[in-house]
1. Just checking, which of 66, 53 is under 11 Å from residue 30 (Cβ atoms) and not in a helix (DSSP H, G or I)?
2. Exactly one condition in (1) part of a helix (DSSP H, G or I); (2) modelled with pLDDT of 95 or more; (3) in contact with a helix residue (DSSP H, G or I) (Cβ under 8 Å, 6 or more places away or on another chain); (4) closer than 27 Å to residue 243 by Cβ is not met by residue 99; state its number.
3. Give the number of residues within the stretch 45-75 that are of a type outside the set (Phe, Trp, Tyr) and in contact with a strand residue (DSSP E or B) (Cβ under 9 Å, 6 or more places away or on another chain).
4. Which of the residues spanning the stretch 210-226 are more than 15 Å from the ligand (Cβ to nearest atom) and touching a strand residue (DSSP E or B) at 6+ places or on another chain (Cβ under 8 Å)?
5. Here is a list of conditions, (1) crowded, with 16+ Cβ neighbours inside 10 Å; (2) under 20 Å from the mean Cα position of the chain (by Cα); (3) in a helix (DSSP H, G or I), and residue 290 meets all of them except one; can you say which number that is?
6. Pull out all pairs, ordered by first then second residue, where Cβ-Cβ is under 6 Å, the residues are six or more apart or on different chains, the first lies in the stretch 33-47 and is not assigned by TED's automatic domain parsing to the domain that holds residue 187, and the second is of a type in the set (Gly, Ala, Ser) and modelled with pLDDT under 95.
7. On the given criteria, is residue 251 of a type in the set (Val, Ile, Thr), without any contact (Cβ under 8 Å) to a residue 60 or more places away in the chain, in contact with an Asp or Glu (Cβ under 8 Å, 6 or more places away or on another chain) and closer than 30 Å to residue 89 by Cα?
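The values are calculated or read from the model by the stated rules, or taken from the named source; none is laboratory data. Note that the coordinates shown come from a computational prediction; the quantities given were computed from them, not determined experimentally. When we count neighbours, we look across all protein chains shown, and the Cβ atoms used for this are built from the backbone with ideal geometry, even at glycine.
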Amino acid sequence: TWRLGDFADETIERIREQVGDNRVICGLSGGVDSSVVAALLSRAIGSQLSCILVDNGLLRKDEARLVVQEFSGHFKSDLHVVEAEDRFLDKLAGIVDPQEKRRRIGHEFIACFKEEADKITGAKYLAQGTLYPDVIESGASADGPADTIKLHHNVGGLPEELGFDLIEPLRDLFKDEVRQLGLQLGLPEEIVWRHPFPGPGLAVRCLGEVTRDKLAMLREADAIVVGEIKAEGLYRSTSQSFAVLLPVQSVGVMGDSRTYDNAICVRSVNTDDFMTADWSHLPHELLSRIATRIINEVKGVNRVVYDISSKPPATIEWE
Ligand code: XMP
């Protein structure tokens, strides 16, 4: 649209003026907002931008790889990937309480980010993908709606801790505008249309204690859910679709023997604002394909259920 057309050019110009010849750090998460911020900054100041991706081991399948690939293909900026899976999993060992998981992940994220940022000399600014709804919500949260109920992984504390000045080029935009801007800036559809993903990632979809093995199962099951929904052409008409690994085992049969294995819950919702949501009325054939594939392909899973609760009273995530 005309408005966004001007927006990109004007924003790039404004960033150049503001930044001068200083260095800017930008955190990448794999999501659309941080990708669009990085794309804008990269256009505006190229080699003066350093991006940091903290791979916390809680990302979706291939997510970190996709970001790195996209980044090296299109951006002329510097990318630091922090391989921190072990650190995060150590911090999560034995923890079952959802809020405590979020708290630990948030702290570890800030620690990792800070350590990496300290290696980047001469940085004066931190760029963040704050959107208009975040600004009007509470001003503090990077995540919006559920903030009062679920303690969010919140990078709002970062700039103060690091002593940087903030650059928030998306502050006036809504999500759909950010997506249009992303397309305009040449980001691939796979990133632009990606469903939102919580900061604590798969940790809050791996109910109970988070372990490497459980994450591996969940990641595979999730890729099947998303892959099948995309193949059916329904990815863009659903708002968030994913798998949850339930903390229960149940009995099944496989050939001649009895199994006692894990259950995966498929969750898909439609929503405008994530404050309220309806479960997606997915075609039964699609659900059937998803269930069959998960049970056949994900070792350790013998049962798949579909979540038909709306928000409220349920929430979108299970933790
Ligand atoms: P709920 O589960 O509260 O989620 O209905 C509403 C939206 O918020 C996302 N969500 C989070 N995002 N950190 C985030 O960055 C979190 O801790 C978190 N918890 C929930 C959720 O994915 C949905 O889009």
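1. 53
2. (3)
3. Let us first name the residues in the stretch 45-75 that are of a type outside the set (Phe, Trp, Tyr), namely 45-70, 72-74.
From what's left, in contact with a strand residue (DSSP E or B) (Cβ under 9 Å, 6 or more places away or on another chain): 45, 47-58, 60, 63-64, 67-68, 72.
So the count comes out to 19.
4. Answer for the stretch 210-226, where residues must be more than 15 Å from the ligand (Cβ to nearest atom) and touching a strand residue (DSSP E or B) at 6+ places or on another chain (Cβ under 8 Å): 214, 215, 217, 221, 224.
5. Every listed condition holds for residue 290 apart from (2).
6. Listed by first residue and then by second, the contacts come to nothing, as the list is empty.
7. Taking the combined requirement at face value, the residue does not satisfy it.
For (1) surrounded by 17 or more Cβ atoms within 10 Å (Cβ to Cβ); (2) in contact with a Ser or Thr (Cβ under 8 Å, 6 or more places away or on another chain), each residue gets a yes or a no:
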position: 7; (1), (2): yes, no
position: 21; (1), (2): no, no
position: 25; (1), (2): yes, yes
position: 73; (1), (2): no, no
position: 88; (1), (2): yes, no
position: 96; (1), (2): no, no
position: 104; (1), (2): yes, no
position: 111; (1), (2): no, no
